[in-house]
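Okay, structure first, notes after.
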Amino acid sequence: MVAIAILAAGRGTRMKSDLPKVLHELGGLTLVERVLQSCQEIQISRRIVIVGYRAELVKEALIGGKEIPENPQFPPLEFVEQTEQLGTGHAIQQLLPHLEGFQGDLLVLNGDVPLLRAETIKQLIAVHKQHQNSATLLTANLPNPQGYGRVFTDSQNLVEQIVEDRDCTQAQKQNHRINAGVYCFHWPDLEKILPELKADNDQKEYYLTDTVNFLSPVMAVDVEDYQEILGINDRKHLATACDILQTRVKDKWMTAGVTLLDPNSITIDDTVELQPDVVIEPQTHLRGKTSIASGSRIGPGSLIENSQIGENVTVLYSVVSDSIVAENSRIGPYAHLRGHAEIGANCRVGNFVELKNTQIGDRSNVAHLSYLGDATLGEKVNIGAGTITANYDGKNKHKTQIGNQTKIGSNSVLVAPITLGQDVTVAAGSVVTEDVPNDCLVIARSRQVVKPGWKLKEPKK
Ligand code: UD1
Ligand code: CA
């Protein structure tokens, strides 16, 4: 039986931020969400998050969070408050009343190690169980170990002590083996010695790492890829983590058959799904729950967010948020789809067109300079250049409905709420304020007047 505890009570002073450190985002997920995610493949009996600095905010973010699925397989999140942040050891001491009588292992993770792989955690637990250790901790050999606690072991890989960077002598600093901040403890052992911790160190804090002085055996397990255990303490670390994550994600998609042109100028959240033979062009950013089907070409210069793009679609210099585009449609250049726009198959949404909460049937076109909001278009509709739905009366939004094969002449305004039937033709420059039945021509503008032989009078001298 394994319970997990995530340390998320610290402010993260070095981030120089009002936001608790664990709520900073990395590739669309907060740091603490990522830590929780890395534990998703292990069988856990309890999930505890230790909160303190702006606890309400952290709780809210996790409960309303994006990536913590309401999976019945997982026990619900529990929050334990550490009202004063007196160190990582002090944080775990707060669990004492909550884990009374618990006989299993406690996996402890710092809330600021977002790049851990599930495999690594599984391996740590396996070693812990195999050797029946009192504690097992994840370590790494870093080229630059500055800032991390140094782990000292004997020839059997058993941990003798952990010394924080700031408490190290010059000689101790030469040890490049560091503590990753990920531990597996046999709780009944830990429970007994937790009250023994002292705050006699440079920071005057109760260190969780000091528990190794009281426990035995304590074993160190080296992580293969040291990039996994990067702890985020400041904005530079966050940028480094971002790079590492991007490399991981891009390598994965390129291996799976996706072309990335100029990969360094592209960013892809790890929540995005791509099919083989997708081409991503330079300066393109794919975020959130986005999926792109085979044969589609996205970019250059596009942002796709929480959207589903079908097969063989092109999106050129455009922004697509919370929207759906079906196969063979062409978006852009310079289009903006948002607020649940749904584009059918074989459509064209062209230059300087904004669509909000608008559904467009197959083979319809909105090719130039339009705003359509809260509109539903049938199939084979053609929206002339400069057409606007006037959907807002200053208080409320209203709907526009346009039937199949209807053609809206250039520079028309459709004043909602309004319904235009099928096979309607709207004359250019119309301001349409009343519903139009099927098979009609509607001209809603004043008739052109031509006065033959008319000339400006000569001004009097
Ligand atoms: C810690 C380890 C260090 C390790 C490093 C790995 C200790 C004493 N040191 O140092 O050996 O190499 O992580 O990244 O544990 N937190 C609380 N309550 C507190 C203090 C901290 O919940 O009172 C949380 C923080 O929110 C954070 C985590 O614990 O998520 C780690 O704290 P941090 O201050 O970043 O520890 P480090 O100095 O990085
Ligand atoms: Ca840290």
Count of region 215-250 residues which are more than 25 Å from G10 (Cα to Cα) and among the aromatic types (F, W, Y):
0
Which ones in region 191-208 are of a type outside the set (A, V, I, L, M, F, W, C) and assigned to a helix (DSSP H, G or I)?
E191, K192, P195, E196
Given (1) without any contact (Cβ under 8 Å) to a residue 40 or more places away in the chain; (2) under 19 Å from W187 (Cβ atoms), number of the condition Q73 does not satisfy
(2)
Are any of the residues in region 74-89 over 22 Å from the mean Cα position of the chain (by Cα) and within 21 Å of T120 (Cβ to Cβ)?
yes
Does L274 satisfy the condition of being more than 16 Å from ligand 1 (Cβ to nearest atom) and surrounded by 15 or more Cβ atoms within 10 Å (Cβ to Cβ)?
yes
Does D112 meet the test of being free of Cβ contacts under 8 Å to residues at least 24 places away in the same chain, within 16 Å of ligand 2 (Cβ to nearest atom) and either within 35 Å of the chain's Cα centre (by Cα) or under 14 Å from Y207 (Cα atoms) (or both)?
no
Report every pair of residues separated by at least 6 positions or lying on different chains whose Cβ atoms are under 8 Å apart, first residue within region 171-187 and over 17 Å from Q161 (Cβ atoms), second within 16 Å of ligand 2 (Cβ to nearest atom) and β-branched (V, I, T).
V182/V108; V182/V113; V182/I229; C184/V108
Within region 24-65, which residues are in a strand (DSSP E or B) and out of contact with any helix residue (DSSP H, G or I) (no Cβ under 9 Å at 6 or more places or on another chain)?
R46, I48
State yes or no: is R34 within 14 Å of ligand 1 (Cβ to nearest atom), modelled with pLDDT of 95 or more and either surrounded by fewer than 19 Cβ atoms within 10 Å (Cβ to Cβ) or basic (K, R) (or both)?
yes
Among what's in region 167-195 and is touching a Phe, Trp or Tyr at 6+ places or on another chain (Cβ under 6 Å) and more than 16 Å from ligand 2 (Cβ to nearest atom), pick the residue that is farthest from Q227 (Cα to Cα).
I193
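Yes/no matrix, rows are residues, columns are (1) in contact (Cβ under 8 Å) with a residue 40 or more places away in the chain; (2) not in a helix (DSSP H, G or I):
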| position | (1), (2) |
| --- | --- |
| D210 | yes, no |
| G231 | yes, yes |
| L238 | yes, no |
| C242 | yes, no |
| N264 | no, no |
Taking region 341-386 and keeping residues outside any loop (DSSP other than H, G, I, E, B), charged (D, E, K, R) and more than 27 Å from the chain's Cα centre (by Cα) leaves R348
Only residues that are out of contact with any strand residue (DSSP E or B) (no Cβ under 9 Å at 6 or more places or on another chain) and more than 16 Å from ligand 2 (Cβ to nearest atom): list them for region 204-223, please.
K204, F214
Within region 169-193, which residues are hydrophobic (A, V, I, L, M, F, W, C) and closer than 12 Å to A135 by Cβ?
V182, C184, F185, W187, L190, I193
Taking region 160-190 and keeping only residues that are more than 14 Å from ligand 1 (Cβ to nearest atom) and part of a strand (DSSP E or B), one is left with E160, C184, H186
Strands (runs of 3 or more DSSP E) fully within region 83-153 counting 3 or more residues that are out of contact with any helix residue (DSSP H, G or I) (no Cβ under 7 Å at 6 or more places or on another chain):
150-153
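The values are calculated or read from the model by the stated rules, or taken from the named source; none is laboratory data. No experiment lies behind these values; they were computed from the predicted model shown. Cβ atoms come from the backbone with ideal geometry, glycine included; neighbour counts cover every protein chain shown.
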